[in-house]
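Asker: Below you will find the structure I want to go over with you.
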């Protein structure tokens, strides 16, 4: 079976690392990787106790949506909003967040 994409073959195999950036860009997966980076560093951003009861879910129109399992932790995050936004901007300058929203729901780990 032949596949033709209008490009000439390079004649050599490419490594997956060389193709990964193109795959991410072509499939619009940048936001998914951004959230995964935030989840990985969430404990350093908000602290250990709050990070065990909360998780970043998505970024929508420059707003970070955070899921929490209890309203007390949601209130703490709202009170820490300016500090959280400042730390995210310092650690991830390519992420553009202006505001936070807290959703209270059961978290699955």
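What follows is calculated from the coordinates using simple rules that are stated; it is not laboratory data. None of these values were measured; they are calculated from a predicted model. Here Cβ is always computed from backbone atoms with ideal geometry, including for glycine, and neighbour counts include all displayed protein chains.
Asker: Out of all the residues in the stretch 44-58, which are within 14 Å of the chain's Cα centre (by Cα) and assigned to a helix (DSSP H, G or I)?
Answerer: 45
Asker: Moving on to the next point. Do we have residue 12 as surrounded by fewer than 12 Cβ atoms within 10 Å (Cβ to Cβ), outside any helix (DSSP H, G or I), free of Cβ contacts under 8 Å to residues at least 40 places away in the same chain and on the phi < 0 side of the Ramachandran plot here?
Answerer: So residue 12 passes the test.
Asker: Moving on to the next point. Looking only at residues that are out of contact with any helix residue (DSSP H, G or I) (no Cβ under 9 Å at 6 or more places or on another chain) and on the phi < 0 side of the Ramachandran plot in the stretch 38-49, which one is surrounded by the most Cβ atoms within 10 Å (Cβ to Cβ)?
Answerer: The selected residue is 39.
Asker: Only residues that are in contact with a helix residue (DSSP H, G or I) (Cβ under 8 Å, 6 or more places away or on another chain) and either more than 14 Å from residue 46 (Cβ to Cβ) or surrounded by fewer than 12 Cβ atoms within 10 Å (Cβ to Cβ) (or both): list them for the stretch 58-76, please.
Answerer: Listed by number, the residues that qualify are 58, 59.
Asker: Still on this model: Can you pull out every residue in the stretch 77-100 that is touching a helix residue (DSSP H, G or I) at 6+ places or on another chain (Cβ under 8 Å) and either assigned to a helix (DSSP H, G or I) or closer than 13 Å to residue 65 by Cα (or both)?
Answerer: Within the stretch 77-100, 77, 84, 87, 88, 91, 97, 98, 99, 100 meet the criteria.
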